[in-house]
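Asks: Let me give you the structure first, and then I'll get to my questions.
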Amino acid sequence: MEIKKQKNLCGELTVPGDKSISHRAVMFGALAKGTTRITHFLEGADCLSTISCFRKMGIDILRDQDDVLVSGKGLHGLQAPREILDVGNSGTTTRLISGILAGQNFSCELTGDASIQTRPMKRIMTPLGMMGADITSLKGNGCAPLRIQGKNLKAIHYSSPVASAQVKSCVLLAGMYADGITSVTEPVLSRNHTELMLNYFGANVTSAGTTASILPGPVLEAREVAVPGDISSAAYFIAAGLLTPGSEILLKNVGINPTRDGMLKVCRSMGAQITLLNEKQDGEPTADLLIRSSELHGTTIEGEIIPSLIDELPMIAVMASFAQGTTVIRDARELRVKESDRITVMVDNLKRMGADIEGTEDGMIIRGGNPLHGAQIDSHMDHRVAMSFAVAGTICDGPLTIQNGECVNISYPAFYDDLYRLGGTVKS
Ligand code: S3P
């Protein structure tokens with residue numbers, strides 16, 4: 001994929017549906033009674049992996065024009081799959097589905113691509129084990145492939161060492177099959193889509209500070225789920241609009257859940273002009289975002305804000321490289337265990353472009369304002385790395401090429417088309 005410098009980017013865009021919410025709508029729809037209709041579902045490869053896993057467990061999932069219909073069979077309606085469940089590249093599928101599988105009356109195996117087979121699963125094996133689940137890492141390395149033998153589960157209170165919505169959700173989902181109230185406390189609040197959507201489907205989840213608790217045995221009822229635009233996908237066009245002089249971009253119907261909106265706060269602290277229009281609060285809060293090019297300066301990003309922008313940090317690292325002054329990112333060790341080691345990969349690639357950046361154990365230090373030039377970028381098959389550098393390519397001097405740039409299909413299949421529609425120059 002080759003990207004060239006752009007004079008400005010202007011226009012209006014509806015970004016694809018939120019990845020986290022799309023996964024959950026399929027999963028909870030499968031466990032509900034009746035037909036769940038999902039509008040603005042994300043057709044990315046990760047969410048298609050979730051659909052394929054539930055189809056293998058006997059759930060009918062159909063398209064109705066742009067919508068997805070999930071014919072749920074209730075909390076105990078899944079069937080033993082005849083094949084291995086393939087989660088592809090998707091950490092969310094792996095960790096959330098494991099919580100559900102732990103409480104079934106069958107055993108199954110799941111695995112995924114090379115990246116997923118290196119990602120840490122002990123973080124879910126530990127609490128599920130405490131609940132009495134029988135879950136084995138088949139290579140003994142704490143990663144997929146996993147074998148999960150469903151069991152009668154005990155309720156627990158789990159203090160998670162990591163602020164991870166995937167761990168929290170895994171335990172809460174297993175808690176639906178447990179013998180009492182299950183709760184999870186995390187060090188910092190992570191995204192709360194599971195809590196919101198499970199309650200919408202009829203479960204009883206309560207939240208107090210960083211603790212979420214669930215009552216067992218809920219009767220989930222099918223619902224209509226309108227998936228908001230994904231703020232993690234909007235992030236690329238927020239950055240592109242801010243950094244490209246003379247730009248004005250309107251991003252329609254973007255999810256602005258406060259557990260996800262750290263990108264907006266950081267952009268503002270860097271001097272960005274972002275206006276929220278048409279704000280709505282109907283379950284998940286949404287707004288249209290009006291982005292105008294802005295002079296950006298460095299900032300410090302650390303502590304409680306980190307989980308609310310963890311997926312946006314690759315894009316923020318690029319923004320910080322173009323901004324004036326120093327940006328420090330701390331407390332973001334989780335970046336090392338995402339689809340790639342995003343600290344190493346961002347630092348290596350930004351250095352190739354001439355950036356003054358160093359990686360630390362849990363973040364990056366970026367001295368911005370060096371003129372950046374085009375380079376050969378290695379995406380490491382990480383969708384968020386590829387999209388962050390596509391934005392860098394619209395701003396830097398000289399063409400930028402991205403190896404395996406098509407990996408954007410994990411979360412944003414139409415990404416290059418949308419960049420082109422706003423005025424970007426993209427060649428495949
Ligand atoms: C997600 C949670 C986050 C995020 C991922 C999606 C989710 O991961 O990075 O892209 O849908 O729950 P962690 O829970 O590992 O922090």
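The values are calculated or read from the model by the stated rules, or taken from the named source; none is laboratory data. Computed from a prediction, not measured in an experiment: that's the story for all the values here. Ideal geometry is used to build each Cβ from the backbone, glycine not excepted, and the neighbour counts take in all protein chains shown. What goes into the accessible areas is simple: the full protein's heavy atoms, side chains included, and nothing from ligands, DNA or RNA. Shrake-Rupley method; radii C 1.70, N 1.55, O 1.52, S 1.80 Å.
Asks: Condition (residue is farther than 22 Å from residue 22 by Cβ and either in contact with a Ser or Thr (Cβ under 8 Å, 6 or more places away or on another chain) or within 11 Å of the ligand (Cβ to nearest atom) (or both)) applied to segment 92-109: is it met by at least one residue?
Replies: So far as segment 92-109 goes, no, none of its residues is farther than 22 Å from residue 22 by Cβ and either in contact with a Ser or Thr (Cβ under 8 Å, 6 or more places away or on another chain) or within 11 Å of the ligand (Cβ to nearest atom) (or both).
Asks: Looking only at segment 21-50, which residues are open to solvent by 10 Å² or more (accessible area, probe 1.4 Å) and not in a strand (DSSP E or B)?
Replies: Residues satisfying the conditions are 40, 41, 43, 45, 48, 49.
Asks: Here's something else I'd like to know. Testing residue 133 on (1) surrounded by 24 or more Cβ atoms within 10 Å (Cβ to Cβ); (2) within 16 Å of the ligand (Cβ to nearest atom); (3) more than 16 Å from residue 75 (Cβ to Cβ), one condition comes back false. Which one is that?
Replies: With (1) surrounded by 24 or more Cβ atoms within 10 Å (Cβ to Cβ); (2) within 16 Å of the ligand (Cβ to nearest atom); (3) more than 16 Å from residue 75 (Cβ to Cβ) applied to residue 133, the lone miss is (2).
Asks: Quick check on my filter: what residues within segment 101-111 are open to solvent by less than 10 Å² (accessible area, probe 1.4 Å) and within 27 Å of residue 335 (Cβ to Cβ)?
Replies: Within segment 101-111, just 110 meets the criteria.
Asks: Related question: In segment 375-404, which residues are open to solvent by 10 Å² or more (accessible area, probe 1.4 Å) and without any contact (Cβ under 8 Å) to a residue 60 or more places away in the chain?
Replies: Result: 375, 376, 378, 380, 403, 404.
Asks: Yes or no: segment 293-307 includes at least one residue that is under 30 Å from residue 223 (Cα atoms), open to solvent by 20 Å² or more (accessible area, probe 1.4 Å) and touching a helix residue (DSSP H, G or I) at 6+ places or on another chain (Cβ under 7 Å).
Replies: Taking every residue of segment 293-307 in turn, none turns out to be under 30 Å from residue 223 (Cα atoms), open to solvent by 20 Å² or more (accessible area, probe 1.4 Å) and touching a helix residue (DSSP H, G or I) at 6+ places or on another chain (Cβ under 7 Å).
Asks: Residues being within 12 Å of the ligand (Cβ to nearest atom), open to solvent by 20 Å² or more (accessible area, probe 1.4 Å) and under 20 Å from residue 378 (Cβ atoms): count how many of those fall in segment 308-351.
Replies: Of the residues in segment 308-351, 5 are within 12 Å of the ligand (Cβ to nearest atom), open to solvent by 20 Å² or more (accessible area, probe 1.4 Å) and under 20 Å from residue 378 (Cβ atoms).
Asks: Now for a separate question. For residue 331, all conditions in the list (1) under 21 Å from residue 387 (Cβ atoms); (2) in contact with a helix residue (DSSP H, G or I) (Cβ under 9 Å, 6 or more places away or on another chain) hold save one; what is the number of the exception?
Replies: It fails just one condition, (1).
Asks: Ok, one more. Can you name the number of the only condition in (1) buried (at least 16 other Cβ atoms within 10 Å of the Cβ); (2) without any contact (Cβ under 8 Å) to a residue 60 or more places away in the chain; (3) in contact with a Leu (Cβ under 8 Å, 6 or more places away or on another chain) that residue 174 fails?
Replies: Of the numbered conditions (1) buried (at least 16 other Cβ atoms within 10 Å of the Cβ); (2) without any contact (Cβ under 8 Å) to a residue 60 or more places away in the chain; (3) in contact with a Leu (Cβ under 8 Å, 6 or more places away or on another chain), the odd one out for residue 174 is (2).
Asks: Any residue at all in segment 51-61 that is part of a strand (DSSP E or B), among the hydroxyl-bearing types (Ser, Thr, Tyr) and open to solvent by 20 Å² or more (accessible area, probe 1.4 Å)?
Replies: No, every residue in segment 51-61 fails to be part of a strand (DSSP E or B), among the hydroxyl-bearing types (Ser, Thr, Tyr) and open to solvent by 20 Å² or more (accessible area, probe 1.4 Å).
Asks: In this structure, does residue 418 turn out to be of a type outside the set (Val, Ile, Thr), touching an Asp or Glu at 6+ places or on another chain (Cβ under 6 Å) and open to solvent by less than 40 Å² (accessible area, probe 1.4 Å)?
Replies: no
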